[in-house]
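Written below as structure tokens is the structure these notes are about.
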Amino acid sequence: MPSVPATYYDGLTSTRQTAEVSLHPEGLALFGLDGRMITTWPYPKIRRIEGFSGTGLAITRLPEPGSTAEPRLEIADPAFASQLAARAPLTLTHGLAARRERWTVVGWAIAAVVSLLGLAFIGLPAIAGRLAPLVPSSAEVRLGATMDPQIRQMFGGSRGLKTCTNPEGVAVLAELVGRFERAGGLHLPLKVVVVDHRLVNAFALPGGYIYIFNGLLQKARSADELAGVLAHETGHVKLRHGLRSVIQAGGLGFLLGTVFGDFAGGTAIVYASRSLMQSAFSRDAEREADHFAVDLMLKAGGDPMGLARFFMGFGVPDPGGLAWISSHPANAEREQAIRDAVAQRTAVAAALTPQQWTALRSICQKTE
């Protein structure tokens, strides 16, 4: 078959050469425009290049041992290309390598995604569980003090959060909190406030901060129900569940803040505060807080069944928002778990006297 024009790259430079190629028994011969043979490519070593967008065929030759050159020939004549295909294997060495490279990239990308998901759902919770007990109480208190303004702004807006300060109610609350602190063996003091808000809610932050909303205080039908809720939130403080959640939500930002003491550095704490308010603790954490609440009330005073009665006493949340109930799954199984924990054990005294209970329910007659 007569020679046809071709474009040749020697694989060592980017120089484009015009050449002639012809088919010979031993291989594809490549000639310069001056008629001199440049090289011969044995048919078994010729490979087609995938993805060539021009007319005809683009091919390369397997490199010689020790050579890094990747020569290239572009042949536009379709008849010549057909004849060459009948003699050379034209397997997709470069195409296969490209596909392998793409699949390698895809594989590493999938591995990276899996690693990030593993870190989010397994790694961070595990790290948080191990790190929380190691955080000094002083650092936890600083963290809570930094989160407190964020929480007050969330619920109070630009005017700030109104707390209830009627002296008689404050005195009753302080007496109950003091009993819980002494009986619970806490690693830091509690900072409990009643918030003047109709939301039926209560929650604990790291550092001993506990917020009880007036809506919950008014919804409780007895002092033991309110004391049970407070004992449960005290359990979250004692077991450092809030600290674990903040570490998990704040991630690296919190870890660095813990190391350098710069909690006010910012966005991680804001994000962690919002995350803590918008998500419930795990079921295991809630069970642990329930168990702690039962033991605490048996030591400090009150009927632990008050907690179960508060859980079971309300159905679907009302328009006021039973946020505490909805974030703490209330069901017969949980009530039975509290009954089992209380079995054959007797509370040492009532949580509050009737007069104290009346004073506590009136704590929001004065606010600031």
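Values in this text are rule-based calculations from the coordinates and carry no lab data. Everything quoted here is computed from the prediction, not taken from an experiment. Don't worry about glycine lacking a Cβ; one is built from the backbone with ideal geometry, like all the others, and counts go over all protein chains shown.
Numbers below:
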{"read-out": "Fewest-first ranking of 9, 209, using other Cβ atoms within 10 Å as the exposure measure", "value": "9, 209"}
{"read-out": "Sorted by Cβ neighbour density within 10 Å, fewest at the top, the residues 197, 241, 291, 24", "value": "24, 291, 197, 241"}
{"read-out": "Stretchable slack from residue 79 to residue 45, in nm (0.36 nm times residue separation minus alpha-carbon distance)", "value": "10.2 nm"}
{"read-out": "Packing-based exposure ordering (other Cβ within 10 Å, fewest first) of 70, 20", "value": "70, 20"}
{"read-out": "Neighbour net charge for residue 18 - beta-carbon separation under 12 angstrom, K R +1, D E -1", "value": "-2"}
{"read-out": "18 Å Cα-Cα reach of residue 191 towards lysines, excluding residues that sit fewer than 8 places from it in its own chain", "value": "162, 238"}
{"read-out": "Label point distance in nm, residue 137-residue 283, each placed 7 Å from Cα along Cα→Cβ", "value": "3.4"}
{"read-out": "Environment charge at residue 6 (Cβ cut-off 14 Å; Lys +1, Arg +1, Asp -1, Glu -1)", "value": "-1"}
{"read-out": "Cα-based reach from residue 45 at 17 Å (exclusive), listing aspartates and glutamates while leaving out same-chain residues under 8 positions away", "value": "10, 26, 64, 70, 74"}
{"read-out": "Cβ-based net charge around residue 367, under 11 Å, with every Lys or Arg adding one and every Asp or Glu removing one", "value": "0"}
{"read-out": "Label-point gap, in nm, between residue 168 and residue 14 - each point 7 angstrom along Cα→Cβ", "value": "9.0"}
